[in-house]
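Visitor: This is the structure I have questions about; it appears just below.
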Amino acid sequence: MDLNIARRKMIDSQIRPNDVTDERVIQAFEKVQKENFVPGAISELAYSEAELETVEGRKLWLARDLSKMLQALEVKSDDLVLVVGAAEGYASALLNELADTVIALEENEEVVEKSSDRVVSLELDRIAFVKGSLKDGYPSEGPYDVIFVNGMVEYVPDAWLDQLSVGGRLGVVIGDERNGQARVYKKSAKAVSYYSEFECVPPKLPEIVQEKGFVF
């Protein structure tokens with residue numbers, strides 16, 4: 001299989017037809033070789049329209065949903081970005097093409113080490129993998145111009161909003177296995193507001209769930 005052709009087909013069939021017109025976003029998908037972030041046994045499926053598992057508990061988003069979210073975030077070339085739930089690093093690599101610096105946050109130390117080695121080997125030297133609690137974000141490197149949550153969650157922790165710079169954007173999908181709403185939160189000097197972009201149901205981040213209240 002010619003993976004370069006497969007990458008082009010993914011862009012032409014999964015990204016462009018779904019209202020993704022930002023050429024910087026499209027060029028990022030053209031440049032980043034997705035097969036480098038997929039286990040070797042399934043590398044030929046890298047550009048299929050499927051949510052492939054890359055590390056335990058983490059799956060890739062569909063190209064349609066990921067590209068639409070990155071477009072909605074309006075990432076600038078001088079932005080500092082935090083990726084929450086960075087997993088294997090594919091979304092971080094795409095953001096590496098759009099932003100200045102990417103902080104890639106994961107909870108599992110083994111995932112952090114392997115993904116860090118991967119981005120180093122690919123010479124993606126503006127991505128730094130760090131270990132920490134996903135719900136707490138990574139305040140020591142903030143505030144961030146953009147925070148991208150790499151999975152669907154049940155709620156938005158206050159810590160993420162606190163770590164946005166004034167004018168910063170948070171991209172996140174809120175929902176469950178049946179319904180999801182892609183939102184962009186924007187922070188002003190006085191408040192945080194959000195608007196809904198589109199509906200999608202990407203893989204969940206199991207670490208971010210609402211605590212169930214006690215019921216008599």
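Visitor: Quote the relative contact order of the chain in percent (integer), defining contacts as alpha-carbon pairs under 8 Å separated by 6+ residues.
Guide: 16
Visitor: Under a 1.4 Å probe, what is the accessible area of the chain per residue, stated in Å²?
Guide: Accessible surface, normalised per residue, equals 49 Å².
Visitor: Given Lys9/Lys187; Lys9/Lys131; Lys31/Lys135; Lys31/Lys114; Lys68/Lys187, which pairs have Cα atoms separated by over 26 Å?
Guide: Flagged as over cut-off: Lys9/Lys187; Lys9/Lys131; Lys31/Lys135.
Visitor: Among Thr54, Thr21, what's the order by accessible area (1.4 angstrom probe), most exposed first?
Guide: Thr21, Thr54
Visitor: With a 1.4 Å probe and every protein chain kept in, tell me what percent of the accessible surface of the chain is carbon plus sulfur.
Guide: Here it works out to 46 percent.
Visitor: Okay, next question. Using 0.36 nm times the number of residues separating Ser165 and Glu110, minus their current alpha carbon distance, what extension gain do you get?
Guide: Full-extension gain reported as 16.8 nm.
Visitor: Assigning unit charges at the beta carbon (Lys, Arg +1; Asp, Glu -1) and nothing else, what dipole magnitude in debye, to the nearest 20, does the stretch 36-161 show about its Cα centre?
Guide: 200
Visitor: Turning to a different aspect of this structure: I need the phi-derived Karplus couplings for the stretch 124-129: 6.51 cos²θ - 1.76 cosθ + 1.60, θ = phi - 60°, integer Hz, Gly and Pro marked x.
Guide: 9, 7, 9, 10, 10, 7
Visitor: I need the peptides 94-102, 200-208, 146-154 ranked by packing, meaning the mean over residues of other C-beta atoms within 10 angstrom, with the highest value on top.
Guide: Result, highest mean first: 146-154, 94-102, 200-208.
The values are calculated or read from the model by the stated rules, or taken from the named source; none is laboratory data. Model, not experiment: these values are computed from the prediction. When we count neighbours, we look across all protein chains shown, and the Cβ atoms used for this are built from the backbone with ideal geometry, even at glycine. Just so you know, the surface numbers come from the protein's heavy atoms only, side chains and all, with ligands and any DNA or RNA stripped out. Shrake-Rupley method; radii C 1.70, N 1.55, O 1.52, S 1.80 Å.
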